[in-house]
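For reference, the structure discussed in these notes is given below.
The values are calculated or read from the model by the stated rules, or taken from the named source; none is laboratory data. Note that the structure is predicted; figures quoted are calculated from it, not measured. In this analysis, Cβ positions are derived from the backbone assuming ideal geometry, glycine residues included, and neighbour counts consider all displayed protein chains.
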Amino acid sequence: MKTLSVPRVASVVALAFPILVACSSTKSTTATKKAATGAAKAPTTKQPATSPKPTAASGGKKAGSNVTSNKEQSVATETTCDAAEEGLAVCVDSYVILCAGQKVYALDCAVAFGDGVTCGALDDGTIDCVETVSE
């Protein structure tokens, strides 16, 4: 008859009778996006790798008030836009690409408003600098 050491017995028991540990919570949380608040803390100093012209065809939607009110913190790109595209915006990574005054601007939401803030669409369909909050 073969004798098993205590560590060996513990290993065999653990394999034969696994213990399941579960974490449960009665409180459920949902994540929602809300517009970043306040004035931009820092200006955008660089552009994203690509700055597409915000058009309806490229998914451009109306720019949110947070973006338009902080346009002076954005950087002008070499791209121009048409009067029909005025006020439209698209997201490129954390940047909001905005058409204003027939010029295309890039606002880096993470630089302007801090960590955790990025470009996104709000419930009203506008493109803005957003942060995700748990409710």
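Descriptive notes on the structure:
- Residues (in a strand (DSSP E or B) and of a type in the set (Val, Ile, Thr)) located in segment 58-75: VAL75
- Residue match in segment 106-115 (condition: modelled with pLDDT under 90, acidic (Asp, Glu) and assigned to a loop (DSSP other than H, G, I, E, B)): yes
- Selected residue (criterion: modelled with the lowest pLDDT) from residues of segment 117-133 that are surrounded by fewer than 16 Cβ atoms within 10 Å (Cβ to Cβ) and at negative phi: VAL133
- Residue match in segment 120-129 (condition: assigned to a helix (DSSP H, G or I) and over 17 Å from THR44 (Cβ atoms)): no
- You will find that of THR45, THR55, the residue that is of a type in the set (Val, Ile, Thr), at pLDDT 75 or above and either assigned to a loop (DSSP other than H, G, I, E, B) or touching a Phe, Trp or Tyr at 6+ places or on another chain (Cβ under 9 Å) (or both) is THR55 and no other.
- Scope segment 76-91; condition crowded, with 17+ Cβ neighbours inside 10 Å and either in a strand (DSSP E or B) or basic (Lys, Arg) (or both); matching residues: THR77, THR79, LEU88, ALA89, VAL90, CYS91
- Applying the condition of being part of a strand (DSSP E or B) and of a type outside the set (Val, Ile, Thr) to segment 92-105 and asking which residue is surrounded by the fewest Cβ atoms within 10 Å (Cβ to Cβ) yields LYS103.
- THR68 fulfils the conditions (1) among the β-branched types (Val, Ile, Thr); (2) modelled with pLDDT of 90 or more; (3) more than 14 Å from THR55 (Cα to Cα) except for a single criterion, (2).
- Condition check for GLY114: in contact (Cβ under 8 Å) with a residue 12 or more places away in the chain, touching a strand residue (DSSP E or B) at 6+ places or on another chain (Cβ under 7 Å) and at positive phi: no
- Evaluating CYS109 against the criteria (1) within 17 Å of the chain's Cα centre (by Cα); (2) free of Cβ contacts under 8 Å to residues at least 40 places away in the same chain leaves one unmet condition, (2).
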